[in-house]
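One structure below.
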Amino acid sequence: MLTICGDQDFDTLHIDVNNGTGWDLDVFTLVGQQQANQADAWQTAIVGLGAYTGATVQIRFRGTRGASFGGDISIDDVVVDDFNGCLTPTNLTASNVTATSVDISWSAGGSETVWEYAVLPSGSGAPTGAGTSTMNTMESVSGLASSSSFEVYVRADCGMGNFSSWVGPITFATDCAPIVAPYGTATGAPGNDFTAYPGVCWSEGDNTAVAVGPNGLDGAWATDDFANDAASSNGQAAKINIWTTASINDWLVTPEFDLGTAGNFEAIFDIAHTDFNDTISGVFTADQQVQLVITDDGGMTWTTLQTWDSTTTVSNTGQNVVVDLSAYTGIVQLAFWGSNGVGAGASDTEFFVDNFTIDATASASSIEELGFTFYPNPVKDVLNINGLHNIDSAAVMNMLGQQVLNVEPGVTNAQIDMSTLSAGIYLVQVTTDSRTSTIRVVKE
């Protein structure tokens, strides 16, 4: 048995045989990395010695590397035994993985022309019965569960009931399929409470601008007690520490969501902002900020839905945010992008996100329960906001995420004069009774 893991630039394992007249090189070779991690399952390799029948032989193992030095080879349980004449396949690989399919391939171990393969849930172990028969050395396997781990085995069928040993496993994980909204419920369990970070099909991005998009690398986002309060009913949350250090332009990326065709969903989540490793209020300085962004073109472009920066105040104990997604249908993906800015502001603070949910847009009556109603929509001149409590603030953002208007009325019946704004779609962030909701307004 053997394992080869480490750097992907590992080259080749060579097996040579000496029958007393000198070394025969490369009686068997295995090329490239076979396991991604040291904890992955061992593989069984079988080397035919039929050419040395009756001889006394020595066997040696040689490892060669490419440009890197990070690879390791482990060899164990070496056995010399009788052979049934059916060589095992080699170079078993899995590629072109999607949410529901994978391509698997291998090389013939000898002159065999028929094989059996099996794709099983991880941890199943080698098959105890027959696999799927094929005369090809590459197969496309479909109908797999998304967001799941699998292992692959293959064996040679040499006819007359004579099979090689199973080769494998190699492992792979299927991609995430778009989640059909809703994702959690506004009044029940959230889609992601970050108890397990970052969550199924969530990912990160490291040090890329919004215009570039996330790169899938681990960044500055992590997990901690919500608002740095171990007693918080929220429990664990996602957080980013933004401070004067090396560049921070890091992403926390949701799965893809299928919003359907009705345009009736909203994103709902909790946020908090504190000083580093403290529970007191945090304050962004300079151009430090966190943005909520969205893409509806597969990540080609990202649009800012909401920004928290030096001009905004976020509760240090937590507040709920509702963002209208009615402008979007079909497949979308959202992300939180945190940055310490070009000027690297002096503040050392932590921004928290928790209980992320996508649910159907609230009805007029439930909007009143959230704290306010608004009219008219579309609006020509004045937008009226009537709250059950004082309207603390209302900020108007264009679809680039730029704030174009801001009022702090401090009364229950507020008005926003939008007469000077160009026609188009605007997002209005309304804060009342320690709750911020974002509504979509069409300006005629």
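A few comments on the model shown:
- Label-to-label distance, nm, for residues given as V80 and D433 (7 Å Cα→Cβ offset): 8.3 nm
- The fewest-to-most ranking of E151, E444 by surrounding Cβ atoms within 10 Å reads E444, E151.
- Neighbour net charge for R60 - beta-carbon separation under 15 angstrom, K R +1, D E -1: -2
- Across segment 279-358, the mean sequence separation of Cα contacts (distance under 8 Å, 6 or more residues apart), normalised by length, yields a relative contact order of 45 percent.
- Relative contact order for segment 84-177: 37 percent, from Cα pairs under 8 Å spaced at least 6 residues apart, divided by residue count.
- FRET efficiency for the A231 to T301 pair, using the beta carbon distance and R₀ = 56 Å, is estimated at 0.85.
- Look at the alpha carbon pairs under 8 Å that are at least 6 residues apart: their mean separation over the length of the chain gives a relative contact order of 11 percent.
- Sorting F194, F226 from the fewest to the most surrounding beta carbons within 10 angstrom yields F194, F226.
- R0 of 41 Å, Cβ-Cβ distance N91-V342: FRET efficiency to nearest 0.05: 0.25
- Sequence of Y52, Y153 once ranked by neighbouring C-beta atoms within 10 Å, starting from the fewest: Y52, Y153
- Extension gain (nm, one decimal) between V283 and T98, 0.36 nm per residue minus Cα-Cα: 62.4 nm
- The listed peptides 99-110, 20-31, 378-389, ordered by packing as a protection proxy, come out as 99-110, 378-389, 20-31 (highest mean of other Cβ atoms within 10 Å first).
- Helix-only [θ]222 nm of the chain, DSSP H runs n ≥ 4, -39500 (n - 2.57) each, per residue, nearest 500: -500 deg cm²/dmol
- Förster radius 56 Å - calculated FRET efficiency between S147 and A55, Cβ distance, rounded to 0.05: 0.60
- Note that the chain carries a Kirkwood radius of 25.8 Å, evaluated over its alpha carbons pair by pair.
- If the chain linking T223 and T261 were pulled fully straight, counting 0.36 nm for each residue of separation and taking away their Cα-Cα distance, it would gain 10.3 nm.
Read-outs: derived from the displayed coordinates by stated rules, not from any lab. This one's a predicted model, so the numbers in the text were calculated from it and none came from an experiment. Note that each Cβ is placed from the backbone with ideal geometry, even for glycine, and that neighbours are counted across all protein chains shown.
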